[in-house]
Amino acid sequence: MTKFTLIIWVCSFLTAGPTCLPPIKVEKVYNSWYECSRGAHKESVLILSKLGYKYVNENQIATKYGCQELPPTI
C-alpha cells in the first residue's frame, strides 16, 4: 500500500509572487492521498490559528501543501 508524508509551506501573498518559509514536514504517515490531503487542511487550520487573526490578515498568510509518496518498505 502506498504511504504519503505531508509537507506544508506557510506563505505571504503580499507581493506579486508568494514568499514562503521553509517547508514543514509533518511527522505523521498517511495511508492514502485522501487522508494526506485532509490532514493538510487540518494542519493548516492549526498553523493559521497559532499565527493569529491579526498577523494572518496583515501579512496575507496562507498555506500550500504537497503529499509526497514514500518509497515502499520491505
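Nothing in this text is a laboratory measurement; each read-out follows from the coordinates by a stated rule. Computed from a predicted structure; not experimentally measured. Backbone-built Cβ (ideal geometry, glycine too); neighbour counts: all protein chains shown.
Brief remarks on what is shown
- A16 satisfies every condition listed in (1) touching a Leu at 6+ places or on another chain (Cβ under 6 Å); (2) surrounded by fewer than 12 Cβ atoms within 10 Å (Cβ to Cβ); (3) among the aliphatic types (A, V, I, L, M) except (1).
- Taking the criterion of being part of a loop (DSSP other than H, G, I, E, B) and either among the small types (G, A, S) or in contact with a strand residue (DSSP E or B) (Cβ under 8 Å, 6 or more places away or on another chain) (or both), the residues of region 54-74 that qualify are Q60, L70.
- On the stretch given as region 1-53, residues that are in contact with a Cys (Cβ under 6 Å, 6 or more places away or on another chain) and outside any helix (DSSP H, G or I) total 7.
- Being surrounded by fewer than 11 Cβ atoms within 10 Å (Cβ to Cβ) and either at negative phi or polar (S, T, N, Q) (or both) holds for only one residue in K3, K50, K28, and it is K50.
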